[in-house]
Amino acid sequence: MKKSTVWLYIGLAFWLLGGTLLVLEHHFYQYVDVHGVLHESLFMPLGVLSFVLGGCVLSVTLLYRLLSHLKTYPDPSDKSC
């Protein structure tokens, strides 16, 4: 398995984990008490961190794949070769 494919799966796993944690936070743990204080669990910062980390890993991996594809298959109109 190629290294970029492994990083793609890692990025997707972080993205899915972050989304799941944010949905769990929204449905089960976030509420405002009678005094107007917002109560949150640890799911919110972990969810955001995982979601952002997954997005960064996916962005870098897809950019790497795009650049390696362009390097492998040069522009056909380029006559310098």
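Computed from the coordinates by the stated procedures, all read-outs in this text should not be read as laboratory data. Keep in mind it's a predicted model, so treat the numbers as computed, not measured. Here the Cβ positions follow ideal geometry from the backbone for every residue, glycine too, while neighbour counts run over all protein chains shown.
Okay, here's what the table says:
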item	result
Selection from Ser77, Tyr64, Met1, by position along the positive dipole direction of the chain (Cβ)	Ser77
Square roots of five times the Cα gyration tensor eigenvalues for the chain, Å	43, 12, 7
Nearest-20 debye value, the chain charge dipole, Cβ charges on Lys, Arg, Asp, Glu	580 debye
Rounded to 10°, Cα long-axis angle of helix 3-24 versus longest principal axis of the chain	20 degrees
0 to 90° range, to nearest 10: angle between helix 43-72 axis and the chain longest Cα axis	10 degrees
